[in-house]
Every structure is written in structure tokens, then in C-alpha cells.
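Following: one structure in C-alpha cells, then a few remarks.
The values are calculated or read from the model by the stated rules, or taken from the named source; none is laboratory data. The structure displayed is predicted, hence computed values, not measured ones. Here the Cβ is made from the backbone with ideal geometry for all residues, glycine too, and neighbour counts use every protein chain on show.
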Amino acid sequence: MQAHQEKPVNEASNVSNFAVPGPLGDIPVRLYQPAGTSKAGALLPLVLYFHGGGFVAGNLDDAELQAQYISRHSHAAVLSVAYALAPAKPFPAAPEDAYAAACWAVKHAGHLHIDPTRIAVAGDDAGGNLAASLTMITRDRCAMPFAAQVLISPMLDPSMTLLGDAKRLNSDMTARECADSYRQYLPQTMQRLHPYAAPMEASRLAGLPSAFIATAGCDVLHNEAEKYAASLILAGVHTQVARFAGITHGALRTHIPLLKEIVEFLRRRFSVASAGPSNLVFQPS
């Protein structure tokens, strides 16, 4: 698979737009590389980032600030992925796009100047759901495990049984908005029980990568995210949880104190990965 239509966006920041092949067509992506990166230097870790938008909206621009920050401060490449959106392309189009982007990145690691043993996934809102599901997909398809996962105010529970009270929480997201998003993303009722669509329904969490899960105090989604974190811990997955009081769902993804914590978490996990075994093989489908 080959990337095409590469267009520099910001030479000073080493940012470029292009597309990679996906199961339903080209997937737009945006690559961020730390300024001053030398092709002759050490290989960089990579973060795959998935924007929010409730599975039905959003684009690469929505991940601009956080992708730039993570790349610059963690000295990592970031590949931001514009996955398929519902209702035109409902589940499983989005997670399959996520997997295709991951496979492409590993296959072209040399061209990207990245270390395929140090790849993390991250996302906010619906992108957090995709990041979580992608860790399960790669595990189930016997691919190389990711070094870490970062879930920012993720949408994890289509049953919505754990949603908080929007009025009491002063939440900028409501149950009605969540229901509308899930209705379009998961048009078939049984899809709401599939672990790749509903990570909260997953019965097998062992073997997933270390996680950083961030929640907003003013967000109806914080209960489900924190319960998912507890489930990961019970399954033996190294998990860090942080709730940011007084912050809304929409504001959390660009909250600088959060981004600083993410950078520190990623630095630690990439350091652990670089010291571990590197004989695993990613098997793209």
C-alpha cells in the first residue's frame, strides 16, 4: 500500500496531509513530526490519533492542537486519522479504517522514520472509542501490541446505562446527543453488544496495552470511562485515571494540564517499550 497526494502544510512543524488506502476507499491522514527531526537520527515513536465528533462528525482539524502538542512535547510522530463517519458509513467502517491506518503505518515505518515497537493509540470522544477498540482488534488479529492507549472522555457504552445527569453536572453533552450518535453509528441493535463498538461490553481485557484514561468533571460520560478503567485494572492492565474537575466534555481534549499528563504518560510507556523485547511481528490483514 502506498500513500499519495502528499501536501506539506507547515514546513516548520513538519506537518503534511495525505491519504492511505482503506477498506472502503482512501483515508485522509495528517502526519506531525517534531521540528528538526533528522532522517539519520533515532527512530521516533508514533501516536495514532482519532478525533471526536460522536461517530458522525469531526475532521483532522479537530485534533490539530492536541496532535501538535503531543508531537512537539513527547518527541513523537503523530498520525491523525480521518476515519469513516456514520450514517453514510456505519460500524464497522470506522474501526476498520483505524486498523488499516495502523497497518499502513507499520508497513511504512521506514519511510515514516518510526519505531514500530513504540506505537500508541489515542483519541477523544468517539475517537476514544476507536482507540480502545483498535487495541482489541490488533490483539485478536495477532498483531503487534501497542505500547499504550490514551482515552480522552471516551464514548464506550452504547447502552448508556451509566450516563450522568447533564443538568446536575453542567455537562455540554446530553443523553439525547449520545443516543442520536449511537443510533446512526450502530443501526442494528445487536451491534451495541459488539466489543469493538462497545468496549464496556468486552469480556476479555487482559493483554491490552497500558492505559491513560482522562475524564471531565462536567461530562455525562465520566462514569462509564472510569468504570472501564476499573475493569482494565481488574484485568491486570496498567491503568492511570485522571478526572479534571470543572472541565466540560468538549473542553477536555485541548486542556493543557491534561495534555501535559498525556505527554508524561507516553514518555514513560515509550521508554518501557524501547527497553523491552522487539521480536514481535505486526501481521496486517
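Numbers for the structure displayed
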item: Filter result for GLU177 (surrounded by 15 or more Cβ atoms within 10 Å (Cβ to Cβ), modelled with pLDDT of 95 or more, more than 16 Å from the chain's Cα centre (by Cα) and among the acidic types (Asp, Glu)); result: yes
item: Members of the stretch 199-250 found to be surrounded by 20 or more Cβ atoms within 10 Å (Cβ to Cβ), polar (S, T, N, Q) and part of a loop (DSSP other than H, G, I, E, B), listed by number; result: SER210
item: Qualifying positions in the stretch 77-110 - in contact (Cβ under 8 Å) with a residue 40 or more places away in the chain and not hydrophobic (A, V, I, L, M, F, W, C); result: SER80, TYR83, PRO87, LYS89, PRO90, PRO92, PRO95, GLU96, ASP97, TYR99, LYS107, HIS108
item: Some residue of the stretch 139-156 being at pLDDT 95 or above, touching a Cys at 6+ places or on another chain (Cβ under 9 Å) and buried (at least 22 other Cβ atoms within 10 Å of the Cβ); result: yes
item: Those residues of the stretch 251-275 which are of a type outside the set (A, V, I, L, M), buried (at least 20 other Cβ atoms within 10 Å of the Cβ) and assigned to a helix (DSSP H, G or I), in sequence order; result: PHE265, ARG269, PHE270
item: Boolean, LEU162 is over 24 Å from LEU60 (Cβ atoms), at pLDDT 95 or above, in contact with a Leu (Cβ under 9 Å, 6 or more places away or on another chain) and surrounded by fewer than 18 Cβ atoms within 10 Å (Cβ to Cβ); result: yes
item: Output for the stretch 236-285, where each listed residue is hydroxyl-bearing (Ser, Thr, Tyr) and either closer than 15 Å to ILE119 by Cα or modelled with pLDDT of 95 or more (or both); result: THR239, THR248, THR254, SER271, SER274, SER278
